[in-house]
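Let me begin by presenting the structure, written as structure tokens, before commenting on it.
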Amino acid sequence: MTEHSESSLPCEWCGTAVSQAATRTPRRYCKQSHRQRAYESRRTQRRMQGAAEVALQAVGWPR
Ligand SMILES: [Zn+2]
């Protein structure tokens, strides 16, 4: 009988297996810095999207 007391999830930033501690909240990143990077990139992406939309509105849609 194999016991799987230790599970692991892939880091959402680099894909490295992250061993899960016995806490209720799952760890989704292998390092704190990866968590930070993923968060920042998500934020930047959203900002870039907003900027693109503004640019399109300023230029106007081509007919
Ligand atoms: Zn990572």
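The values are calculated or read from the model by the stated rules, or taken from the named source; none is laboratory data. Small disclaimer: the values here were computed from a predicted structure and weren't measured. Note that each Cβ is placed from the backbone with ideal geometry, even for glycine, and that neighbours are counted across all protein chains shown. Protein only, heavy atoms only, side chains kept; ligands, DNA and RNA dropped before computing areas. Shrake-Rupley method; radii C 1.70, N 1.55, O 1.52, S 1.80 Å.
Within this structure, Ala17 passes the test of being exposed (fewer than 13 other Cβ atoms within 10 Å of the Cβ) and modelled with pLDDT of 90 or more. For the structure I just gave you, tell me whether Arg27 is in a loop (DSSP other than H, G, I, E, B), open to solvent by 60 Å² or more (accessible area, probe 1.4 Å), out of contact with any Cys (no Cβ under 8 Å at 6 or more places or on another chain) and modelled with pLDDT of 85 or more. Spelling it out, Arg27 is indeed in a loop (DSSP other than H, G, I, E, B), open to solvent by 60 Å² or more (accessible area, probe 1.4 Å), out of contact with any Cys (no Cβ under 8 Å at 6 or more places or on another chain) and modelled with pLDDT of 85 or more. Among the residues here, Arg37 does not qualify as in a loop (DSSP other than H, G, I, E, B) and surrounded by 13 or more Cβ atoms within 10 Å (Cβ to Cβ).
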